[in-house]
Each structure stands twice: as structure tokens, then as C-alpha cells.
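Structure record follows, encoded as C-alpha cells.
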Amino acid sequence: MRRIALVDYGKLELQNGIAEIKELQQGTVKIAVKACSICGSDIALYRGQRSLKDERYFGHEFSGIVTDAGTQANGIKVGMRVASELSRTCGQCWNCLNGLKNYCKSMNNALLPGGFSEETLVLNTPEYSFLSQIPDSLDFETAALLEPTNCAFRIAHQANITPGGSVVIFGLGAMGIISALILKSLGARKVVGVDRSLQRLQKLRSLSLIDVVNGNDTNWLEQVQEMTSSKGADIVIEATGATSVLGDVFKTVRPGGRIVVASVYHAPAGDLTLLPIMRKELTIVGAKGPYPHITSEGKSIPVQIMVKLQKELQKLVTVYDYKDALQAFEDAMSGTAIKAVIRFN
């Protein structure tokens with residue numbers, strides 16, 4: 001079995017000949033991983049911004065085929081095409097009872113060793129599952145974006161968009177762009193992305209998915225206001241991970257507007273001026289995905305979104321074979337690839 005192993009901070013290894021998983025842990029199913037995409041949290045772990053001691057898994061954005069269905073809970077069967085996302089929680093713990101289903105369990109309890117391996121175990125019980133079935137129309141490389149699409153839908157849900165509203169998104173990595181695509185599909189009148197990476201801006205302009213503004217421009221705010229309103233945008237999403245950008249967010253949102261913080265911050269906010277929160281009567285909410293967004297028929301809403309937006313999502317993906325996995329991480333960290341997906345088979 002092949003695996004991409006993070007053996008120490010800043011040190012990745014391509015390991016071959018790893019013993020196959022012989023026995024299932026209770027409540028798990030076995031997945032033959034076909035593709036796994038690189039998340040910002042994987043990069044944070046690589047850079048030492050997260051603790052290797054505290055995380056048992058590596059890679060959580062994957063797709064593949066069920067090779068051992070365990071107890072076949074939730075209709076999971078051998079041969080089924082699946083992808084990772086939080087699809088079911090217990091509904092009984094304090095978090096679930098208080099609307100925080102995304103805190104029901106840690107992914108440390110759901111994945112072993114994770115998606116950067118040809119095989120992984122995934123928790124799938126009647127009370128909790130980190131898997132959803134995917135249709136044949138979704139290729140495995142695109143389907144590896146199901147978990148980030150789930151997270152992006154959580155951002156859109158927290159944005160509480162009104163059809164005809166305007167949205168500005170700071171940070172045009174995969175999470176920001178997928179959120180933008182979802183918000184457009186939900187009826188946003190205008191969606192504008194702001195980023196400072198010239199390479200990323202050039203690529204996004206060539207894709208023509210959303211309007212973009214160069215955050216390095218001295219008149220970036222005027223450009224955004226011209227696209228939205230002189231009063232500011234109805235909704236502003238912060239997805240850069242840089243606390244300094246919050247000051248720009250406060251400038252961009254209109255009075256009475258809504259801010260969605262979708263970033264994982266690794267540093268304090270420093271000298272951030274907080275007065276606009278009161279002066280503008282702002283609503284500020286966080287968005288921590290993934291979250292079990294399920295229809296009344298028990299189907300995954302993010303899967304349905306992926307099918308609808310498949311052509312757009314495919315434009316975000318750069319596919320790498322397993323042998324080129326180290327380059328995939330380099331390109332993900334540099335921003336050369338918006339969403340780097342590593343293919344195992």
C-alpha cells in the first residue's frame with residue numbers, strides 16, 4: 001500500500017509497501033482511496049501551525065470505493081462510490097442538541113490513517129458517519145472536493161443570503177471560490193472576490209467564474225464599492241486566514257451588514273480596531289464546517305450542489321499522480337494550484 005506520510009513538520013515522504021489494513025476498527029468501513037485533495041489544514045499541519053501529536057489522520061478530503069462495508073450502516077455497501085463529508089451525527093450529545101452538529105465528534109475519531117493513503121478506515125455507524133454516496137456522473141478527482149464543498153455550503157448558510165444581495169469574499173483559495181459559486185447559485189446579485197496573489201488573480205480572471213479585485217491596488221475599496229454599493233456590501237466573507245484583513249472587512253461591509261468569518265487564525269488580531277462593530281451595528285458569525293446538511297429524504301445537499309456546479313468546480317482542480325504528490329503540496333502552498341488533488345489510482 002502507498003501512503004503520503006508527514007513524518008515531521010516540513011517533511012513529507014512517499015511510502016510504498018505499507019501493510020494493508022487487515023482488521024476493521026469497530027464501526028468503520030474500509031475505503032480504497034481514488035483521490036485526495038490538499039486542504040489548508042493539511043498545509044498548517046505541515047508548517048507546524050497544528051500539532052502532529054494531536055492528529056491521528058492525514059488527509060480528509062477524499063473519494064473512493066467501499067471495499068469493506070462493516071455493518072453496512074446508513075446503506076453503505078461494498079463497491080459503492082463515496083466521498084468524505086460529515087453526513088450524520090448522533091443528535092443526542094450537548095453539541096447536537098444545541099445546533100452544533102459539526103462538533104459532535106473529532107475527525108480523530110472518524111479517520112485512520114486518512115485520505116493520503118491508498119486505504120483508510122472511516123467511521124460509519126447509525127449515529128455518526130463521515131461518508132456520502134456519490135453518483136456515477138461525478139469523477140473521483142472532482143468528488144474529492146465534497147468535504148470542502150460541504151464547508152463552503154456552511155459558509156453560505158451562515159451568510160443567510162437574500163436573493164439580490166451583494167457579497168464580497170476576501171481570500172480566493174478553494175474555500176472562498178466555492179463559497180462564491182454557491183452564493184451565486186443561491187441568488188446573490190453580485191459576488192466579488194478580493195485577493196493579493198497576482199498569480200491567483202490572473203488564473204481566476206482567465207476562468208471567468210467571479211469578478212475579482214486586486215487587494216494590492218490603492219483604490220481596491222473604491223473598486224469594490226463601484227461593483228456593490230457606495231454603502232458597502234451586504235455580506236462580507238473573510239477566508240484569508242490573515243487577521244490583518246479583518247480591518248479591510250470592516251471597511252467593506254455596509255452598515256447593518258453581515259460578516260462571516262471562515263478562516264482558521266493562527267495569530268492574534270494585534271491592533272485591530274473594533275469600533276466598526278458597534279458603529280455599523282454589524283452581525284459577525286463564524287462558519288466551521290463540515291456540517292451535516294441533509295434533505296428531508298436523507299440525501300446530501302453538498303453532493304447535489306457538486307452535481308449542479310461540477311463544470312465550475314472542475315476548473316479549480318489540478319490533478320497530480322501519486323508520484324508527484326510532493327510537487328502537489330508545493331503548488332498548493334505557493335498558490336500555483338487553487339485545489340491540488342492527488343490521484344492514487
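Some values worked out for this structure:
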item	result
Residue-span extension gain [residue 185 to residue 25] - 0.36 nm each, minus C-alpha spacing	53.6 nm
Dipole-positive endmost among 259, 327, 103 within the chain (Cβ charges, Cα centre)	259
Rounded Å value of the spacing that divides the Cα centres of region 179-243 and region 257-313	15 Å
Residue 295/residue 264 FRET efficiency (R0 30 Å; Cβ-Cβ; nearest 0.05)	0.55
Solvent-accessible ranking of 13, 85, 141, largest area first, probe 1.4 Å	13, 141, 85
Simple Cβ-charge dipole of the chain, Lys/Arg +1 and Asp/Glu -1, about Cα centre, in debye nearest 20	580 debye
Dipole of the chain, positive direction: furthest Cα of 59, 206, 7, with charges on the beta-carbon	206
1.4 Å probe accessible area per residue over the chain, in Å²	44 Å²
Area of residue 227 that stays accessible when all protein chains are in place (1.4 Å probe, Å², to 10)	60 Å²
Model label zone, residue 310; criterion: amide N under 15 Å from point 7 Å along Cα-to-beta-carbon; scope region 127-159	133-146
Magnitude of the charge dipole, region 214-345, Cβ model with Lys/Arg +1 and Asp/Glu -1, debye to 20	440 debye
Helix-only CD estimate at 222 nm, as mean residue ellipticity for the chain, using -39500 (n - 2.57) per DSSP H run (n ≥ 4)	-7500 deg cm²/dmol
Degrees between helix 325-334 axis and first principal axis of the chain (Cα, 0 to 90, nearest 10)	10 degrees
Distance histogram for the chain (every C-alpha pair counted, 20 angstrom bins, percent rounded to whole numbers)	31, 58, 11, 0
Whole-percent carbon and sulfur share, accessible surface of the chain, 1.4 Å	48 percent
Point-to-point label distance, residue 273-residue 162, nm (Cα→Cβ direction, 7 Å offset)	2.8 nm
Lysines with Cα under 29 Å of residue 280, excluding same-chain neighbours fewer than 8 positions away	184, 190, 231, 251, 288
Inter-part distance where region 1-60 and region 321-345 are each reduced to a Cα centre, Å	15 Å
Signed unit charges on C-beta, dipole axis of the chain, positive-most listed residue 235, 82, 25	235
Label point distance in nm, residue 44-residue 283, each placed 7 Å from Cα along Cα→Cβ	2.6 nm
Fully extended contour minus Cα-Cα distance, from residue 90 to residue 218, at 0.36 nm per residue	41.1 nm
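The values are calculated or read from the model by the stated rules, or taken from the named source; none is laboratory data. Here the structure is a predicted model, which is why all the values come from computation and not from measurement. We place every Cβ from the backbone using ideal geometry, glycine too, and count neighbours over all the protein chains shown. Just the protein is used for accessible areas: all its heavy atoms, side chains included, with ligands, DNA and RNA removed. Shrake-Rupley method; radii C 1.70, N 1.55, O 1.52, S 1.80 Å.
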